[in-house]
Amino acid sequence: MNRNTRTNLATYLKDGLRYDGRKPTDFRDITIETDITRSAEGSARVRIGKTEVIAGVKLAVQKPYPDRPDEGTMMVNAELRPLASPQFETGPPGDWATELARVVDRGIRESKLIDTATLCITPGELVWNVMIDLVSINDDGNLLDAAGLAALAALKTTKLPGLKDKMVDYEHRTNDKLPISDAEPLPITVFSVDGHQFIDPTYEEEDAYDARLTIATNKKGELCALQKGGEGPLSIDEIDKMVHLAVDKAQEVRKKLPR
Amino acid sequence: MAYPKRFDGRAWDEPRPMEAKVGVVPRADGSAMFRIGNTVAIAAVYGPRDLHPKFMQNPETGILRCDYNMLPFSGHGDRVKPGGGRRAREIGMVMENAIRPVIDLKDYPNTVVDVFVDLPQTDAGTRCAAITAAAMALADAGIEMKELPAAVAVGRVSDKFVVDLNYDEEAHEDGAADIPVAMLPRSGKVTLLQMDGDIQPADLKKVLQMAHKAIIKINEVQKAALKARFADK
């Protein structure tokens, strides 16, 4: 953590200010593009300010797990490549990439966005495996919220590939959309420094927080995943305030999703 | 048993449509995107910066390190397992060889210039697109370069000699030769040369001359993108 940044940030936030002129609870500009790569079954690019994340969904078939013979599977993986930040390194996913992927995964899984029963092709024999890869292109802070939004936008535009002799026929995609519910889970991370709360940090601000709480909510405003990060403790009242902020902000962000 | 016309209607010596943009990764010291047909490469440069582990440092010069990475959803069929592998490692190495002749890092001893290339979408010619994007990113990072290298694949598809093979051409049922070439456009010197497939010795010279012509065209696209970047400022 950068102590000077923390002191300055706390001083600014006390007066409701940010370095870049935003209010503590303002997002930067958000843009969402979909179908950004032809090789994925679904894809999206999300920009929040200068932060950029792309999400790609690939579908494959596999044998179901023996204890769930009539359910497909899904996985979320994050690649925080050294292309995106001088802090990232080559090699297997580190702590941050693992946490990011797991928190986005929980939001999608627990909101029942994907009903795994609908991914069953032949019970006991063949099911779809939905693989969501999240890749950072530029890290200017708040990668997790961007990744959660990119994952949802990519899933909304995912179409099933063809099937031939129990094999995927990637050359002949169908027009059938991947069946998903309208839960629209979105993670919003609220940061706290010296008792002041703010969202959507730049990488500079992200280097100076005491605690963060990622709150994934569905379209109805119900909670579907939580993750506290950082070393600073939070009071119950602070958490309550963070949750309400996240619910409101998620509704705001949802308006930008492709229909 | 012939290839009368290219699958996508191009002339034999015509590269696919190109697009280039410099400055696409703001956190990096230099960056660029290069698209040729359906192959897209994004390159970012960091450095010269401290090199760790320390035993890799060279007190006489900075070193160049290239990392090539197909994103998991960028392949033609199945998901590409992340984490690279032998192919990615080899391509990183030949990229370094393709670029090193034009840069001089003697003023930056013990440092590294890192080049990372990620490909979100691929349709053959990925190492060539990676080199072309990397060259622009290095120039954007202010690394002194004697020339701006560019690369393209040439080769044989069935009975024809072609420039910039796409995936369908590489997989032509009559057989093909895929020859990725990087060149220094002004001097015409070759800094990357590999081949998969088969070709007659006399024909190699012919396709390399085709490559040089295409590389001059690609170089124009690179230069225009770099000029556009600095016109903004």
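A few points about this structure:
- Counting only alpha carbon atoms, the long axis of helix B:126-140 and the longest principal axis of chain B meet at about 30°.
- Sequence-ordered 3J(HN,Hα) estimates for region B:105-120 from the Karplus curve with 6.51, -1.76 and 1.60 and θ = phi - 60° stand at 10, 5, 6, 10, x, 6, 10, 10, 10, 9, 10, 10, 10, 10, 10, x Hz, glycine and proline given as x.
- Bridging of B:Lys227 to lysines at a Cα separation below 18 Å is possible for B:Lys21, B:Lys146, B:Lys217, once same-chain residues fewer than 8 apart are set aside.
- The HN-Hα couplings worked out from phi for region B:18-27 by the Karplus form 6.51 cos²θ - 1.76 cosθ + 1.60 (θ = phi - 60°) are 10, 8, 9, 9, 10, x, 8, 10, x, 5 Hz, whole numbers, x standing for Gly and Pro.
- Alpha carbon centroid spacing (whole Å) that separates region B:194-233 from region A:15-74: 35
- Region A:139-162 and region B:1-43: distance between their alpha carbon centers, rounded to Å: 25
- Label-point separation, A:Arg173 to B:Arg89 (7 Å along Cα→Cβ), nm: 3.4
- Principal-axis analysis of the Cα atoms of chain B puts helix B:201-231 at an angle of about 50° to the longest axis.
- This ranking places B:Met183, B:Met56, B:Met145, A:Met131 by how few other beta-carbon atoms lie within 10 Å of each, fewest first, which gives B:Met56, B:Met145, A:Met131, B:Met183.
- Under 25 Å, Cα to Cα: Lys pairs in region A:5-130, sequence gap 8 or more or different chains: 4
- Candidates per chymotrypsin sites (Phe, Trp or Tyr not before Pro) in region A:1-69, loop by DSSP, up to 13 other Cβ within 10 Å: A:Tyr19
- Each of A:Trp128, B:Trp12 has some number of other Cβ atoms within 10 Å of its Cβ, and from fewest to most they run B:Trp12, A:Trp128.
- Kyte-Doolittle mean at least -0.5 and Cα axial length at least 18 Å: DSSP H helices in chain A: A:143-156, A:236-254
- Among A:Leu186, A:Leu126, A:Leu100: highest mean-square fluctuation, GNM of chain A, C-alpha pairs under 10 Å: A:Leu126
- Axis of helix B:86-99 versus longest Cα principal axis of chain B: the two differ by about 70°, to the nearest ten degrees.
- By other beta-carbon atoms within 10 Å, ranking B:Phe116, B:Phe7 with the fewest at the front produces B:Phe7, B:Phe116.
- Loop-located GluC sites (Glu not before Pro) across region A:146-238 with a Cβ neighbour count of 13 or fewer within 10 Å are A:Glu222, A:Glu231, with loop assigned by DSSP.
Every number here is computed from the coordinates shown, using simple stated rules; none is lab data. What you are looking at is a predicted structure, and each value in this text was computed from that prediction instead of being measured. FYI the Cβ positions are ideal-geometry reconstructions off the backbone, even for glycines, and counts take in every protein chain you see.
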